[in-house]
Amino acid sequence: MEARALLPVTAATLESAIDALNDAVDRVSGLAFETLAPAVERVWIDEIASVRRDLLVWVQQLATAGEQWLPKYFELGFGPVPGERDARSLHDEVTLEGGFRLRGAIDLVEEHRTTGELRVTDHKTGRRPDRLDRTIVGGGTVLQPVLYAMAVEAGLQRKVTSGRLFYCTSVGGFHEHPIPLNDMTREAGLDVLRVIDRSLSEGFLAAAPAPAACERCDFQAVCGPDVGRRVARKPQDPLADLTEMRRRP
Ligand code: SF4
């Protein structure tokens, strides 16, 4: 779409976008079918149909956003990160205030069509958390919106208005959660990095999962079923930083 000068997706270009989307789903699912050789073809067909339905809703939402926002960078990398990246990716990692060096890749960076300011999007395919409304760093578990926005600001030297989580599937309810980038949210992001940094410099990296975190974690077979009980027996003072961070929205 970008190469054919058909961005942003708007009502006027929606039909071309839907054609491009269907072609992409056919191409990618065809390749994946060859590679994975699914055992039950009916299940495969239903799942691909479900992915296609979600993407069609997503592209219609793009057409609404496209009146204001122009998609500018796709999978924009900063620092050496594996995978297919935007050709304009930054080779070097970015350094934030306090000397924190970040590397990563951002799903989407858009430019406001009148102000020229940027916003950063992190696409989520899972379920939306129940309590998301006030989330900035989510107790240290939601770092992309703020830190990626800061990385773009530092790396591209452009004004960034916000980072957002976009739960872009029916499972996530096509819900958008924008977080403005301002002094308060920047400080919240840096604070999380400071807590991690202190733990590293003190060499204190004990397993201390949040309540119920183990239930959703693939490493339970490695850690065992009673991490919570073991953590409760440890001196709690060194965990105070972490406990405090987990209370932050
Ligand atoms: S299972 Fe292990 S790695 Fe996973 S959350 Fe629990 S303590 Fe952490």
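Could you please find all residues in segment 19-43 being open to solvent by 40 Å² or more (accessible area, probe 1.4 Å) and touching a residue at least 12 places away in the same chain (Cβ under 8 Å)? Hit for segment 19-43 is Asn22, nothing else.
Taken as a whole, the condition of being in a helix (DSSP H, G or I), touching a residue at least 12 places away in the same chain (Cβ under 8 Å), within 26 Å of Glu244 (Cβ to Cβ) and not assigned by TED's automatic domain parsing to the domain that holds Trp58 does not apply to Arg128.
Listed here are the residues, each with its yes/no results for (1) in contact with a Lys or Arg (Cβ under 6 Å, 6 or more places away or on another chain); (2) within 16 Å of the ligand (Cβ to nearest atom); (3) open to solvent by less than 60 Å² (accessible area, probe 1.4 Å); (4) not assigned by TED's automatic domain parsing to the domain that holds Asp122.
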position: Asp191; (1), (2), (3), (4): no, no, yes, no
position: Arg194; (1), (2), (3), (4): no, no, no, no
position: Ala212; (1), (2), (3), (4): no, yes, yes, yes
position: Val227; (1), (2), (3), (4): no, yes, yes, yes
position: Leu242; (1), (2), (3), (4): no, yes, yes, yes
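Only residues that are farther than 19 Å from Arg103 by Cβ and either without any contact (Cβ under 8 Å) to a residue 12 or more places away in the chain or part of a strand (DSSP E or B) (or both) were counted in segment 142-164, giving 3. Here Asp218 fulfils each of the conditions (1) surrounded by 13 or more Cβ atoms within 10 Å (Cβ to Cβ); (2) at pLDDT 85 or above; (3) assigned to a loop (DSSP other than H, G, I, E, B) apart from (1). Just one of the numbered conditions (1) under 21 Å from Ala105 (Cα atoms); (2) open to solvent by less than 50 Å² (accessible area, probe 1.4 Å); (3) not in a helix (DSSP H, G or I) is not true of Pro178: (2). In the list Ala208, Ala149, which residue meets the criterion of being more than 22 Å from Thr121 (Cβ to Cβ), surrounded by 19 or more Cβ atoms within 10 Å (Cβ to Cβ) and touching a Leu at 6+ places or on another chain (Cβ under 6 Å)? One residue alone meets the criteria, Ala208. Taking Val195 as the residue in question, decide whether it is touching a Leu at 6+ places or on another chain (Cβ under 9 Å) and within 27 Å of Val57 (Cβ to Cβ). No, not satisfied.
Contact map, segment 223-249: first residue β-branched (Val, Ile, Thr), second residue not in a helix (DSSP H, G or I), Cβ cut-off under 6 Å, separation 6 or more or different chains; pairs are Val227/Ala207; Val227/Pro209; Val231/Ala208.
Of all residues in segment 45-82, those being open to solvent by less than 70 Å² (accessible area, probe 1.4 Å), under 24 Å from Pro178 (Cα atoms) and part of a helix (DSSP H, G or I) number 10. Filtered by the rule that a residue be among the acidic types (Asp, Glu) and either out of contact with any helix residue (DSSP H, G or I) (no Cβ under 7 Å at 6 or more places or on another chain) or at positive phi (or both), segment 121-137 gives Asp130, Asp133. With respect to Ala207, is the statement that it is near the ligand (Cβ under 10 Å from one of its atoms), assigned to a loop (DSSP other than H, G, I, E, B) and touching a residue at least 24 places away in the same chain (Cβ under 8 Å) true? Yes: the conditions hold for Ala207. Would you tally the residues in segment 10-42 being closer than 30 Å to Gln68 by Cα, of a type in the set (A, V, I, L, M) and part of a loop (DSSP other than H, G, I, E, B)? Selection size over segment 10-42: 2.
The values are calculated or read from the model by the stated rules, or taken from the named source; none is laboratory data. Note that the structure is a prediction, hence the values are computed from the model and not measured. FYI the Cβ positions are ideal-geometry reconstructions off the backbone, even for glycines, and counts take in every protein chain you see. Please note that ligands, DNA and RNA were not included when accessible areas were found on the heavy atoms of the full protein model with its side chains. Shrake-Rupley method; radii C 1.70, N 1.55, O 1.52, S 1.80 Å.
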